[in-house]
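Heads up: the structure comes next, in structure tokens.
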Amino acid sequence: MRVLVLSDIHANLAALEAVLADAEQFDYEAVWCLGDTVGYGPEPDQCVTQIRMLGATTVVGNHDWAVLGHMDIDQFNPEARRAVVWTRDQLSAENIAWLGNLPSQPLVRGAFTLTHGSPRDPVWEYVLYPATARANLDHFATSFCLVGHTHVPALYISQEQVSSVRALSPAVDKLFTLENSWRAILNPGSVGQPRDSDPRAAYAILDTEARTWLSRRVAYPIEITQAHMRSARLPERLINRLSFGW
């Protein structure tokens, strides 16, 4: 089965639409969304509606939780807090209810575990280093775990009978084979707010039978998202960072 893997859309409708248009060429059969559909961006209600229409298997992210009032937003930086408060007033009752029903614990789909932050701390922990990835291997039973949250595409691989974990930055458009003897944590990067100095939207195509992972980047009209953010009076820092991918 070919799966479109999305994460950290962050209410950026222009980026999401560009990704969906680009992904049509892969004839995907399912969509997995790794959380943070909302937060930061100017179109939270439209993005949630789109993900719902896709029938995506979705887990909750920390910004989703914050909008629902399930966590203390003092843990967020000032710009993120402002965006959370603004977002709460933009969502329809139906979309709030949908977000509220998203699982906060990892989901298992065959050989793949799906979560937002990490299997050890699904909503909040960032898997940014091999040591963190290694510590999380004991917290999921499948061969592979898909995470988001960092906004950076990454692969963390542990080979059979090897205790260490190595980190790889997946090359764009290079098909990567997941060996059966591996355990790995994979991150598709962020659709709506990349943080790897590449402003293009990031996503991945996973083939669960062939065990292949394809990282993709797609340009989108950043200026449209920025204009909508300015109209909403969202923080200027959040607007500017989209141009630079940080």
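Structure notes:
- Selection of strands (runs of 3 or more DSSP E) fully inside the range 173-236 by the criterion of at least 2 residues being buried (at least 22 other Cβ atoms within 10 Å of the Cβ) and in contact with a Lys or Arg (Cβ under 7 Å, 6 or more places away or on another chain) returns 201-207.
- Looking only at the range 152-196, and only at residues there that are touching a strand residue (DSSP E or B) at 6+ places or on another chain (Cβ under 6 Å), among the β-branched types (V, I, T) and closer than 13 Å to L128 by Cβ, the one that is modelled with the lowest pLDDT: V165
- Among the residues of the range 203-217, those that are of a type outside the set (V, I, T) and closer than 20 Å to H10 by Cα comprise Y203, A204, S215, R216, R217.
- Condition check for V127: in contact (Cβ under 8 Å) with a residue 60 or more places away in the chain, under 15 Å from the mean Cα position of the chain (by Cα), within 15 Å of A184 (Cβ to Cβ) and not in a helix (DSSP H, G or I): yes
- Given (1) at pLDDT 95 or above; (2) under 20 Å from P235 (Cβ atoms); (3) over 15 Å from the mean Cα position of the chain (by Cα), number of the condition T49 does not satisfy: (2)
- Within the range 81-102, considering residues that are closer than 20 Å to S231 by Cα and not charged (D, E, K, R), the one surrounded by the most Cβ atoms within 10 Å (Cβ to Cβ): A83
- Among the residues of the range 159-199, those identified as out of contact with any His (no Cβ under 8 Å at 6 or more places or on another chain) and of a type in the set (G, A, S) are S163, S164, A167, S169, A171, S181, A184, S197.
- Number of residues in the range 86-116 that are in a loop (DSSP other than H, G, I, E, B) and over 20 Å from V48 (Cβ atoms): the value is 4.
- Meets criteria (surrounded by fewer than 18 Cβ atoms within 10 Å (Cβ to Cβ), modelled with pLDDT of 95 or more, of a type in the set (S, T, N, Q) and over 15 Å from the mean Cα position of the chain (by Cα)) for N240: yes
- Which listed residue, of H149, H116, is buried (at least 21 other Cβ atoms within 10 Å of the Cβ), of a type outside the set (D, E, K, R), at pLDDT 95 or above and on the phi > 0 side of the Ramachandran plot: H149
Residue-by-condition table, conditions (1) closer than 21 Å to S118 by Cβ; (2) without any contact (Cβ under 8 Å) to a residue 60 or more places away in the chain; (3) among the small types (G, A, S):
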| residue | (1), (2), (3) |
| --- | --- |
| A56 | yes, yes, yes |
| G61 | yes, no, yes |
| W65 | yes, yes, no |
| D72 | yes, yes, no |
| R81 | no, yes, no |
| D89 | no, yes, no |
| I96 | no, yes, no |
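The values are calculated or read from the model by the stated rules, or taken from the named source; none is laboratory data. The structure presented is a predicted model; accordingly, all values stated were derived computationally and were not measured. All Cβ positions, glycine included, derive from the backbone under ideal geometry; neighbour counts span all protein chains shown.
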